[in-house]
1. Specify the residue with the greatest mean-square fluctuation among D:Ala58, D:Ala79, D:Ala87, computed from a Gaussian network of chain D linking alpha-carbon atoms under 10 Å apart.
2. Between C:Asn67 and D:Gln32, what is the spin-label point distance in nm, taking each point 7 Å from the Cα along the Cα→C-beta axis?
3. Pick out which of D:Leu122, D:Leu138, D:Leu98 has the largest mean-square fluctuation in a Gaussian network model of chain D, springs linking Cα atoms closer than 10 Å.
4. Can you give me the % of accessible surface on the protein assembly as shown that is carbon or sulfur? Probe 1.4 Å, all protein chains present, nothing else counted.
5. Report the accessible surface area buried between chains B and C, summing both sides, using a 1.4 Å probe on protein heavy atoms only, in Å² rounded to the nearest 100.
6. Take the residue pairs C:Lys5/C:Lys29; B:Lys16/C:Lys110; B:Lys5/C:Lys29 and return only those whose Cα atoms are more than 25 Å apart.
7. Over the heavy atoms of C:Arg183, what accessible area does a 1.4 Å probe trace out, to the nearest 10 Å²?
8. In region C:1-47, how does Rg compare with the Kirkwood Rh, expressed as the Rg/Rh ratio over alpha carbon atoms?
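The values are calculated or read from the model by the stated rules, or taken from the named source; none is laboratory data. Since we're looking at a predicted model, the values are computed, not measured. Note that each Cβ is placed from the backbone with ideal geometry, even for glycine, and that neighbours are counted across all protein chains shown. Each accessible area value is taken on the protein alone, full model and side chains, heavy atoms only, with ligands, DNA and RNA left out. Shrake-Rupley method; radii C 1.70, N 1.55, O 1.52, S 1.80 Å.
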4 protein chains.
Amino acid sequence: MKWLKAAAEEILSGAKKAISELDMNQVEKFIQIILDSKERKIFVVGVGRSGFVGRAFALRLMNLGFNVYFLGETITPAAGKEDLIIAISGSGTTKFALTASSTAKEIGAKVIVVTSYPQSPLGDLADLIVSIGGRTKLGWPKEENYLARQLLGERETLSPLGSIFENNCMVLLDSLVVELMHRLGKTEEELRKLHATIE
Amino acid sequence: MKWLKAAAEEILSGAKKAISELDMNQVEKFIQIILDSKERKIFVVGVGRSGFVGRAFALRLMNLGFNVYFLGETITPAAGKEDLIIAISGSGTTKFALTASSTAKEIGAKVIVVTSYPQSPLGDLADLIVSIGGRTKLGWPKEENYLARQLLGERETLSPLGSIFENNCMVLLDSLVVELMHRLGKTEEELRKLHATIE
Amino acid sequence: MKWLKAAAEEILSGAKKAISELDMNQVEKFIQIILDSKERKIFVVGVGRSGFVGRAFALRLMNLGFNVYFLGETITPAAGKEDLIIAISGSGTTKFALTASSTAKEIGAKVIVVTSYPQSPLGDLADLIVSIGGRTKLGWPKEENYLARQLLGERETLSPLGSIFENNCMVLLDSLVVELMHRLGKTEEELRKLHATIE
Amino acid sequence: MKWLKAAAEEILSGAKKAISELDMNQVEKFIQIILDSKERKIFVVGVGRSGFVGRAFALRLMNLGFNVYFLGETITPAAGKEDLIIAISGSGTTKFALTASSTAKEIGAKVIVVTSYPQSPLGDLADLIVSIGGRTKLGWPKEENYLARQLLGERETLSPLGSIFENNCMVLLDSLVVELMHRLGKTEEELRKLHATIE
């Protein structure tokens, strides 16, 4: 189980580093825009594993009382110029996230992009970029010096493709949910009351 | 293209027959319960192809302004005793539809079942059954006499498994949407305004 | 229930007309390409209600033994130059269907488009267009003369947005499945054996 | 940003603890069963956020070359007695995961349950339980002593509902993927070749 343990260590120390390196100005703006969206619709978009992290976040925004949707699911209402799109894409290039965000901009909606590649097509059209470190399927966004290097050499991380980004993103967004709970004065019981009762 | 043409003829004449044989008292009650749900949540549930027909219906209920969800998708809020579950199952036995409806009943929500098998586990717990003829994956619910018999003999319909039920159901629910539009005084433009703008 | 009955009549007579007006050369080519895909992957793509019709078709292709996927779901493997994309879009303009088909073309895969608008961005990049009449959310593709005109005047059909296209498409694709069954010599029992046992 | 930081710290230290407390005999059996499933089908099931973690894992199993499906999505083939179900449920009680696993057992398939509650309905029917610590929506499975206690007192964790379980599960399963890569001798490039090319 050598590799499992090393990979867990890599993921957890990597996430710790990514959280510590967050630009808290970006995160504060992210929080403010979400808090300002109580009367608006929030649409989350992401493809593949970034999409699953996005859905997990969307579900918690629902628990918090927001009017939130995941793009591409059955119930996706009209987005208008008052609304908010949150796109999650490690590489900042995922096509569906890009065309959806681009359409959102045309409509006049605000676009927040959570990514490891601020200099990317998605970053270029964002109203707000929230940068989160972590190797994506394109490799590392910048120089990093990781446990993996020593263990492997030829490969940059133990975790394949975008796994590091996706875990970092999950930790970031779940921690953001706790911050939002406290800013909104919500208790766990209040979140639970809005949680699915049929599953 | 003999079989394509014969199958289309079978589907369309079958759907015509199924619509003409509807119990309009059931349908009227179905409409009234939906119209009474303007302030409540509507949850649609179905598995496989019945689920796709259910999602198509849920999307139109959204276009009509209802607060509607498809069970199992990301954004599925808490169901309460005031709410409505619409289960679609040709055979009336599909497990997920059954456990979801059963939980809904425990919560005190109302359950409407659209099925070809009123005498089924789902039928047994329904507050309202909407029967729609059509062969399901269990075969025909009752004696029927169809074009398919003459063409095939050994098989009961040209269309395999639940295809007949699913087509009949699609026509029923899409026609119901038109009836709802008129009862609500809604125009196509009003539906369009609530339609997804990002896709 | 005047509107429900009139809408059902409109949908069914419209679908009958659409099937009778199919270009059977297109349909024959569609069938041949699918039959030639036994060793390849087939990807179905569609958004919203067209997507639900596409999923219903994909599920039957699975029942027939094809190696088929619905784009955007969890298990979507790599598409290669040998593979086939089937895009369903009434208007021929749906963005996600368009970018997915465009990527497929770059990869070298074959693209079949099922649409009411052959002269559209999706039509332009298709290797094969399968035209199916029926009003989409853009209105009618060409002059049509329907029951709806006499009943409504101001609106072109009773059925809102793309409902007519989606129903026509469902009947076409389900009839095609029957044609494929016979060409492949498959029985309903063989389809049933490949059908989900956990639902 | 006090709460965000404290929550991230809680999630990461909690995951570290959960990984260190894994029963490696259980994990080794889990790995062996997956490695023995090269010729079989693997079905992953989970509801809500556990389901998103399950989908992320299923996607990586696909990258590794397994024949894997997520229950409830369009392409879900027949499960047989040779096949494997992996159910993810923090509380071990989620209804859809339970009825699906129960049907799987009737069919004769093997069921692995990843949970914080080994003594639960899902645990009771499992062929193999993989226990992973972490508070679920039912609260903590056993006595735990966390940062959250000092910070909050009245609430047991900063992270609401099942967030701790879901993060722990994500780290476990993503680390397991790395272990599987090495046991199978797969490189990241080989995983990439099986990754979706249209997204």
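1. Among D:Ala58, D:Ala79, D:Ala87, the largest mean-square fluctuation in the Gaussian network model of chain D belongs to D:Ala79.
2. 3.2 nm
3. D:Leu138
4. 49 percent
5. Working: alone 10640 and 10630 Å², together 16000 Å².
In total, this chain pair buries about 5300 Å².
6. Values: C:Lys5/C:Lys29 36 Å; B:Lys16/C:Lys110 37 Å; B:Lys5/C:Lys29 16 Å.
Distance filter (> 25 Å) returns C:Lys5/C:Lys29; B:Lys16/C:Lys110.
7. 90 Å²
8. Values: Rg = 16.6 Å, Rh = 13.6 Å.
Ratio of gyration radius to Kirkwood radius: 1.22.
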